[in-house]
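Report on the structure given below.
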Amino acid sequence: MLSLLTMSGTQAQTYRENLSRGVIAVPMENGYMVSWRCLATDAKETTFDILRDGKVIAEKLTGATCLVDAEGTAKNKYSVRCTTDNTLIEGTTWAQPFLSIPLVRPENGVTPDGRSYSYSPNDCSTGDVDGDGDYEIILKWDPSNAHDNAHDGYTGNVILDCYEISTDSLSNFRWRIDLGRNIRAGAHYTQFLVYDFDGDGKAEMICKTAPGSKDGKGRYVTEAATDPDILNADNMANYVERNGRIFSGPEYLTVFSGEDGHAIHTIYYNPNRAFGVGGAPRYSTKEWGDGTPGNRGERYLACVAFVDGRDKNPSAVMCRGYYTSSNLWAVRFDGKLLTTNWLHHSSSPHDWTVTDSEGKVRAKAENLNGSSYGQGAHSIAVADVDGDGCDEITYGSCAIDHDGTLLYTTNLGHGDAQHLGDLDPDRPGLEYYMVHESRPFGADLRDACTGEILFRITDNDDTGRGVCADIDPKHRGAEFWCSAAKRIHDIKGNIIAETASWTPQNFRIFWDGDPYEELIGNGRNNSNFQRRRKADMPSPSNNIQKNEPKSPSYYIAKWNGTSCDYVLINGKNLSDYGNSASCNGTKATPCLQADILGDWREELILFDNKDKAHLNIFSTNIPTTHRVPTLMHDHVYRMGVAWQNTSYNQPPHLGYYLPDYVK
């Protein structure tokens, strides 16, 4: 508990986004729940008044930042007044238990081999692009012919949009970026970062680009370069080969204004396909160790990390490769130019180097017991794991220190799902849980600073899914389970249940009023949920109900100690509203999960699978008694939201233990 309080005091001195109160009113079965942000900068004695249609209905609230108004209707307008500075903030009243945001769906297309394709909303990220304290949504559109790196085939262009969180279709669309035909579509290609990189209070967007990529003003991104070779690039060139893959051509990195989408600066991507910088070298299957051409070197990850300390601006860390050579490139943005901070490159299982902005070797290690080579995962995580005030990047089975050097490696190889946070509150520091798709398969829990293995499960098959979340209040700390083991363990490794095979293995979420986590499921294995007759169900007022025989395609579930129950929203599941669907196929992830509105509980963004032209934002309508600062003011959580869209999406975690905080 003392370490928690000390950590919170340290974090108070670090950078946090300047956010508004994010006031919303969500319908309940009877009345409305008004919800607003508590900020990490709020004094303990901060109180709030709640107004309905200009009249005060509650005064000087000191507890949780939510209020149930049993008399509320969709016609009412709510405001929250902070009594500390007497500011009055107007809210948005939702007519339904979700907010449906209209989108500008891209037109269908046809590939060079004559096959048609259409677009669906895919991954999202969030940032305050105009500095008003409210978040906007950046959406990646995926064509229906997007491909995994292991598959040949043409794809449509990747498109990125920015939207206000508004139901007004005439004003919510801000800009569109078209990455063009020389960027292939798929989960492993375009990882986009949305964050305030230059410290001006407005978020930028950074991603990989190519000749033909156009910014939010319709101009080629090459026009934002300072390098004459990029300025003179042929934007009409087509580098897509007959199998739909792209093995040659220039590769760029571009930073875009979040406010209007214009390209601010474009530089060469580092490293290129041949482990150099610049030019247009052809992809080397031999050097990347490919069985399938383009499968190893075209795997990308990305994250935001304060590698120079949280009193400095963050870096965008763009990553290439993880099955063999791993390359992490930290890039600074000063408001005008992108520049290299450092580049970490592993050339073998025993060798790695770190080079600076001029390409000079800053650090080097040879013939060691391990490196980052072959140790990456389909996701990434960021936190200050060693307590030095700078962020480290946890890269699957290894970790990269803030200066680009190797912090440690476990040599357990490539993995998929991963979770980083204060998973064991009784151990100092943070812990990391991941599953493995390399032999020996299985999962491990380790110390995030040293790499010490705390618990290990082995298996004979690819372990693709695994979750670590604090779902059981009877056991202190998080619980974990994976597809390799049909049981749930407490954080010390003790088996507490033999039923993990049907426990959801997608995302964790703070949804109801207690400080423990719920789970998000995608309709698989629902027959194993406990079922009871409708007459035996608990009162609808608590929103926790056993499932009906009909299984939903997407739902929130709560662990009850032996099984899972559906957490209903006014008597329905998520997929019962607005044709709501998840994205990314069998991964069944939300477009985004983050605390972007209301109090400290998280929002879910799904999309309308019928018209594919709306995003549906869900926010809880379950009251809580706990006052908790917005999760976005916790550094580990905020970095997790920034990297969430990367490759196979994973949920964010807190850097502290919430049950201890609320006590």
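Data table
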item: Taking all pairs of distinct alpha-carbon atoms in segment 196-314, Kirkwood radius in angstrom; result: 15.7
item: Efficiency of FRET from Cβ geometry, Asp388 and Leu231, R₀ 51 Å, rounded to 0.05; result: 0.80
item: DSSP-defined beta bridges in segment 211-338 - what % are antiparallel, rounded to 5; result: 95
item: Normalised contact order of the chain, rounded percent, pairs of Cα under 8 Å and 6 or more residues apart; result: 12
item: Residues listed by number, segment 313-340, amide nitrogen under 17 Å from Asp356 label point at 7 Å toward C-beta; result: 330-332, 339-340
item: Stokes-Einstein D (µm²/s) once Rh is taken as the Kirkwood radius of segment 261-389 over alpha-carbon pairs, at 25 °C in 0.890 mPa s; result: 157
item: Separation between Cα centres of segment 39-61 and segment 294-311, rounded to whole Å; result: 40
item: Counting all C-alpha pairs of the chain, share separated by more than 37 Å (%); result: 33
item: Tilt relative to the chain, helix 2-11 - C-alpha long axis, 0 to 90 degrees, to 10; result: 60
item: √(5λ) per eigenvalue of the Cα gyration tensor, segment 108-191, largest first, Å; result: 28, 14, 9
item: Proximal aspartates and glutamates relative to Lys60, as straight alpha-carbon distance under 19 Å, when same-chain residues fewer than 8 apart are discounted; result: Asp42, Glu45, Asp49, Asp69, Asp85, Glu90, Asp599
item: At most 15 other Cβ within 10 Å, DSSP loop - trypsin sites (Lys or Arg not before Pro), segment 253-287; result: Arg282
item: Geometric extent, Cα atoms of segment 598-663 - Rg, Dmax (angstrom); result: 14.3, 45
item: For segment 448-462 and segment 313-376, distance of Cα centres in Å; result: 25
item: Cα-based Rg and Dmax for segment 73-155, where Dmax is the largest Cα-Cα distance (Å); result: 20.5, 64
item: GluC sites (Glu not before Pro) within segment 431-472: DSSP coil, no more than 13 neighbouring Cβ in 10 Å; result: Glu452
item: Estimated D of segment 28-117 in µm² per second, where Rh is the Kirkwood radius over Cα pairs and Stokes-Einstein applies at 37 °C, 0.692 mPa s; result: 207
item: Per-q log10 I(q)/I(0), segment 152-191, q = 0.35 Å⁻¹ (Debye; single scatterer per alpha-carbon; no solvent); result: -1.18
item: Net charge of Cβ neighbours under 13 Å - reference Thr589; Lys, Arg +1; Asp, Glu -1; result: +1
item: FRET efficiency for Val68 and Ser169, using Cβ-Cβ distance with R0 set to 25 Å, rounded to 0.05; result: 0.20
item: Whole-Å distance, taken between Cα centres, linking segment 425-444 and segment 116-137; result: 31
item: Under the Debye formula (equal points on every Cα, no solvent term), log10 I(q)/I(0) of segment 25-68 at q = 0.19, 0.26, 0.28 Å⁻¹; result: -0.63, -1.01, -1.10
item: Mean Cβ neighbour count within 10 Å, used as a protection proxy, ranking 334-343, 353-362 highest first; result: 334-343, 353-362
item: Over 21 Å between alpha carbons, listed pairs Lys474/Lys558; Lys44/Lys312; Lys312/Lys336; Lys77/Lys140; result: Lys44/Lys312; Lys77/Lys140
item: Of the trypsin sites (Lys or Arg not before Pro) in segment 384-483, those whose Cβ has at most 16 other Cβ within 10 Å and which sit in DSSP loop; result: Lys474, Arg476
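Rule-based calculations on the coordinates, nothing more; no lab input. What you see is a predicted model; the values in this text were computed from it and never measured. When we count neighbours, we look across all protein chains shown, and the Cβ atoms used for this are built from the backbone with ideal geometry, even at glycine.
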